[in-house]
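The values are calculated or read from the model by the stated rules, or taken from the named source; none is laboratory data. Just so we're clear, the structure is a prediction, and the values are computed from it rather than from any experiment. Because the Cβ atoms are built from the backbone with ideal geometry, glycine has one as well, and the counts that use them run over all protein chains shown. Note: accessible area is taken over every heavy atom of the protein model, side chains too, but ligands, DNA and RNA are not part of it. Shrake-Rupley method; radii C 1.70, N 1.55, O 1.52, S 1.80 Å.
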Amino acid sequence: MPYLVGVDETHALVEVMHTGAITTSTRVCAMKDGAALPTRRQSRRVLVDLRAATQAADSPVKAGSGARRVAYRPQVRQNPLACRILPGQPLDLLGRHPRSAGMPRSGNSTGARTTCNGCWASRCRSARSRRLPTATAIHRINLVPYILQLDPSLGLLDLRYHGVVSIAQRLQAADEALPLLRESGIRRILIDLMQATAAPDAIDDFRAFAARITHEPLFLQSRTAFVAPPINYTNHLIEVLVDAHHYPFSRFTSRDEAIAWLVGDEPPNGLPD
């Protein structure tokens, strides 16, 4: 299933994270699953995360009918909705959202354009010829270069980096991970660096990062799996520094292998002797 659905009780919202190639049917199923989740505050605010998603082929008819099925559900029309996308992601990925059935952008979004069955072209005659009702706001947000998500089904914290990543941003991700670990009780961390490249940082920055995570009890109590290319000098330097403090980690080149280790009972490998 190429999506995760959960409840963020702290912010009283339902969060849907899509991964991989998604179709309109995927979006419809995810929205239905999200609408079925109760929250303590009975809030129906929805955050849809598309940063790890790509667009699968859909016919315009199927895309339009699927969007309308969700757009006219009361839970969707009566409550705020926000989408998170990466800078540079194609805007028609948002067009495959239910808003394409009749939900124009808010003033906070980039490029105010009405839509017609997922068409983001400002010159679309059909879109210009009709006035669409205001219902749901979708915001384009400039975001940090990582996705941090609890996966309750596997009992792990999934941290995926993408693009150019600095040590300061890795420190920020570590700080954001702590309350998630503390509140959930999860002690398995999956750190995926396959889509990331390192920003230029000084050696002192690496030392400070290593000192920060190796002196945090929650991290030391957790099993950490790094997923990185065979040659990744930046993360290897971090591994060397944290291994000196007996930080419990293993390194993999495959997410599947990393997850299998995390949910298993094999001891951490650390650095080879």
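A few points about this structure:
- Put I203, I189 in order of accessible area, highest first, and with a 1.4 Å probe you get I203, I189.
- Size of charge dipole - region 226-273 - debye, nearest 20, with Cβ of Lys, Arg +1 and Asp, Glu -1, no other charges: 180 debye
- Charge tally for V164 (other residues, Cβ to Cβ under 14 Å; Lys, Arg +1; Asp, Glu -1): 0.
- Per-residue SASA entry for C29, accessible area with 1.4 Å probe, Å² rounded to 10: 70 Å²
- DSSP finds beta bridges in region 132-273, and of those with both partners inside it, around 25 percent are antiparallel.
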